[in-house]
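Visitor: Following this message is one structure expressed as structure tokens.
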Amino acid sequence: MIAFMVFSMTNVGYANTNPTIEQNRTVTGSVVSAEDNMGIPGVNVIVKGTSTGAVTDFDGNYSITVPSNSSVISFSYIGYVTKEITVGSNAQINVSLESDVAALDEVVVVGYGSAKKETLTGAVEQIKAEAFEDLAVGSPALALQGRTPGLVVTRASSRLVTKMLIFLLEVHLLLME
């Protein structure tokens, strides 16, 4: 009988000290611009302290799995102030991001990275989408040829299905006085 009571008390003690296991759950919502209330596509939605993340769709909607009610979701996008929200018991969290005009310095993205416009060294060629609207070519690489100085586009063979080779020629100038 004493063994039964010890066993019963052990089980009671175990039941009281067993922590509650929280289940992963899904949080959905939308991210809109505070200026025009339009959905923002491509916003990074990340659960802080984890590697869990999502990106908003074309209309600014997202769905993400969070491990607990105490999870914090971070919403970030270039040109907007990052916002962090604790999930709590919410199954849907809608966010309005405000633009951060002060953080928008002109940045140029080049083939080997990115740089601020004022610190960029070298030549940068910009081709707008309008330059390609009326072209009847089968590939974007062929559309670039002739519009970018020093760009040569060629095929490895005469077969149409062959991959294209794109070369950007480096031009050296010797200045003589």
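Visitor: Please work out the C-alpha center-to-center distance from the stretch 139-158 to the stretch 68-93 and express it in whole Å.
Guide: 45
Visitor: Here's a follow-up. Place a +1 charge on the Cβ of each Lys and Arg in the stretch 25-102 and a -1 charge on the Cβ of each Asp and Glu, then give the dipole magnitude about the Cα centre in debye, rounded to the nearest 20. Present the calculation step by step, with values, prior to reporting the outcome.
Guide: Numbers: 3 positive and 7 negative charges, 83 e Å.
Taking the Cα centre of the stretch 25-102 as origin, the dipole is about 400 debye.
Visitor: Taking amide H atoms as placed 1.01 Å from N in the peptide plane, list the residues 5 or more away in sequence, or in a different chain, whose amide H sits under 5 Å from that of R25.
Guide: So R25 has HN proximity to V66.
Visitor: OK, next. Give, in nm to one decimal, the length gained when the segment between T65 and S51 is fully stretched (0.36 nm per residue of separation minus the Cα-Cα distance).
Guide: Full extension of this stretch gives 3.9 nm more.
None of the figures in this text is laboratory data; all of them are computed from the coordinates on show. The structure displayed is predicted, hence computed values, not measured ones. In this analysis, Cβ positions are derived from the backbone assuming ideal geometry, glycine residues included, and neighbour counts consider all displayed protein chains.
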